[in-house]
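Undergrad: Have a look at this one.
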Amino acid sequence: MRNIIDTFDGDYAFLSNFYEHPFEFDGVIYRTAEHAFQAWKATNEHDRQMIINAATPGQAKRLGRKISLRPDWEQIKETVMLDIVRAKFADPELGQMLMNTGDAYLIEGTTWHDNIWGNCSCDRCKNIEGKNYLGKILMSVRQDLIQLTPDEFIPCKK
C-alpha cells in the first residue's frame, strides 16, 4: 500500500503554501508561497505590494480574492504555482524535507471546498474527487529534486 500524506500540517506543514519560510521568486522576497501566488494575480503594483506586505498568508489570500485579476490568470495560474513551488523548494533545507517524503502520494486535504488545488473532505464535497493540483505540483518538484543535480534544478522558469 502506498504511503499517503493528505494533511499539510504538523510534520508536513512545510508542504502548505501558508508555511512561513521566506524565499525569492522573480526578484522579490515573499514570506510564503501564498503571498507569491496571490501577488501574481494582480494587475497593478499597488495591489501587488498590498499582498506582498500582508501580515499573514490568510490575509494575502483574502486580498487576492478582492483584486482585479490579470486577464490571462486562468491560463497561467498552474504554471505560476509550479514556478513558485520550485522557487520555494530550491531552498536546500526545504528541498531535503520534500525529498524526505519519499514516494508518498501528496494530497492537499482541505475542509474549505477547495477541489482544484486540493481535495476537500467536508460533508458537501466528500463524494467529489479533487484535482489536487498543488499535491501533483509538489510531487513533480520532488521528482525533479531527486533526479537533478543542484546545478540542473532551475527554481524559476521566468
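The values are calculated or read from the model by the stated rules, or taken from the named source; none is laboratory data. Everything numeric here is computed off the predicted structure, so don't read it as measured data. Virtual Cβ from ideal backbone geometry, glycine too; neighbours counted across all protein chains shown. In case anyone asks, the SASA skips ligands and DNA or RNA and just uses the protein heavy atoms, side chains included. Shrake-Rupley method; radii C 1.70, N 1.55, O 1.52, S 1.80 Å.
Undergrad: With segment 1-81 as the region, which helices (runs of 4 or more DSSP H) entirely inside it contain at least 3 residues that are more than 15 Å from the chain's Cα centre (by Cα) and surrounded by 13 or more Cβ atoms within 10 Å (Cβ to Cβ)?
TA: 45-52, 57-66
Undergrad: Across segment 120-133, which residue is nearest to ILE76 (Cα to Cα) among those that are open to solvent by 50 Å² or more (accessible area, probe 1.4 Å) and touching an Asp or Glu at 6+ places or on another chain (Cβ under 9 Å)?
TA: TYR133
Undergrad: Further question: Look at segment 100-146 and say how many of its residues are more than 17 Å from LYS88 (Cβ to Cβ), touching a Lys or Arg at 6+ places or on another chain (Cβ under 6 Å) and among the aliphatic types (A, V, I, L, M).
TA: 1
Undergrad: Out of the residues in segment 82-116 meeting the condition of being aromatic (Phe, Trp, Tyr) and in contact (Cβ under 8 Å) with a residue 40 or more places away in the chain, tell me which one is surrounded by the most Cβ atoms within 10 Å (Cβ to Cβ).
TA: PHE89
Undergrad: Looking only at segment 16-67, count every residue that is over 23 Å from LEU94 (Cα atoms) and in contact with an Asp or Glu (Cβ under 6 Å, 6 or more places away or on another chain) and tell me the total.
TA: Residues that pass the stated criteria total 1.
Undergrad: Then there is this: Got at least one residue in segment 120-138 being in a loop (DSSP other than H, G, I, E, B), closer than 30 Å to ARG2 by Cβ, in contact with a Cys (Cβ under 9 Å, 6 or more places away or on another chain) and small (Gly, Ala, Ser)?
TA: Yes, some residue in segment 120-138 is in a loop (DSSP other than H, G, I, E, B), closer than 30 Å to ARG2 by Cβ, in contact with a Cys (Cβ under 9 Å, 6 or more places away or on another chain) and small (Gly, Ala, Ser).
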